[in-house]
Amino acid sequence: MVKYVRNNFLLPECTILDLDQFNATLWEMAEEDRDRTHYKKKVNLMHLFEDEQKEWLILPEKEFECAIHQELKSDKYGMVNYDTKVYSTSPRYARQVVKVQVTYNTVAILNDQNEVIVKHSRLYGIKRQSMIWQPYLDLLSRRPRAIKYTSIYEQFPPEWTEYLRRCTENEQKEVLKFLGSLLKNDDFTLLQEALVNASRNGHPSADQIKHCFYSLLNQDHQHQAITVQSPIPDMPNIQRGLSHYDAFFQPEGES
């Protein structure tokens, strides 16, 4: 039976992008395959299957949970390593032991009460890290001053790192809430493009980035700046932050 399935359904080698969809496709192929005559008994396979059903044993009432359970210790960033792949937990569980429930397509991180902290799609192939940002961003949005002492800057793309460094505390709070509501995985592609577009006319607010994001998501036309007819005097570029005040505190003798 195994050889028959392998030769008829799995060869030549299949490229699998979505395991559940692939399994559904195999099920349809198997349903179609049994509508034929048995090579030896000369009876339709569907009729033979119906005869076998009468001899089946009663299945258990409770569904069998086909999962592996382990306890793993997270690193200082709250990440755990399973099967050479890295999965995020929450900053609250950094350097702590957490429970991991692994199925063929999910990796769930549980606390001591067996409550789900986060649930990842299980990684296969060359991708090595799955990052769910909500636990990190939700916590930091309530305590934005703590962001400079965390590793979250190392996880963000460089454009977002630099943008957050230039934000005030209130701006960081709004941006982190915004990111927490939209960033469902570690894909910053649209958000990064939205930040670049919103930054063309200076330091953008969370609402401006959000507007650009939804414009890109819905493929709307970007609004262009109004062309002013009367001349506008040139203004010097404004530098955000306090770094330009450092010159006033240089030791004597230095320029």
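The values are calculated or read from the model by the stated rules, or taken from the named source; none is laboratory data. Remember, predicted model here, so these are calculated numbers, not experimental data. When we count neighbours, we look across all protein chains shown, and the Cβ atoms used for this are built from the backbone with ideal geometry, even at glycine.
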Say whether the condition of being out of contact with any Pro (no Cβ under 8 Å at 6 or more places or on another chain), at positive phi and in a loop (DSSP other than H, G, I, E, B) is met by at least one residue in the range 15-24.
no
Which condition number does E115 fail, the rest of (1) surrounded by 12 or more Cβ atoms within 10 Å (Cβ to Cβ); (2) within 22 Å of the chain's Cα centre (by Cα) being met?
(1)
Those residues that are more than 30 Å from Y124 (Cα to Cα) and either surrounded by 10 or more Cβ atoms within 10 Å (Cβ to Cβ) or at pLDDT 90 or above (or both), I need them from the range 1-39; list them, please.
R34, R36, T37, H38
Filtering the range 98-126 down to residues that are in contact (Cβ under 8 Å) with a residue 12 or more places away in the chain, out of contact with any helix residue (DSSP H, G or I) (no Cβ under 9 Å at 6 or more places or on another chain) and part of a strand (DSSP E or B) yields V98, K99, V100, Q101, V102, T106, V107, A108, L110, K119, H120, S121
How about the range 153-225: which helices (runs of 4 or more DSSP H) wholly inside it have at least 1 residues that are of a type outside the set (F, W, Y), at pLDDT below 85 and surrounded by 13 or more Cβ atoms within 10 Å (Cβ to Cβ)?
158-166, 169-182
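Within the range 79-97, track down each residue that is at pLDDT 90 or above and under 26 Å from L182 (Cβ atoms). Walk me through how you get there before you give the answer.
Initial filter on the range 79-97 (at pLDDT 90 or above): 79-89, 93, 95-97.
Scanning the range 79-97 gives M79, V80, K85, V86, Y87, S88, T89, Y93.
Can you confirm whether the range 51-64 contains a residue that is closer than 27 Å to Q134 by Cα and outside any loop (DSSP other than H, G, I, E, B)? It would help to see each step written out before you state the result.
Filtering the range 51-64 for residues closer than 27 Å to Q134 by Cα gives none.
Scanning the range 51-64, I find no residue that is closer than 27 Å to Q134 by Cα and outside any loop (DSSP other than H, G, I, E, B), so the answer is no.
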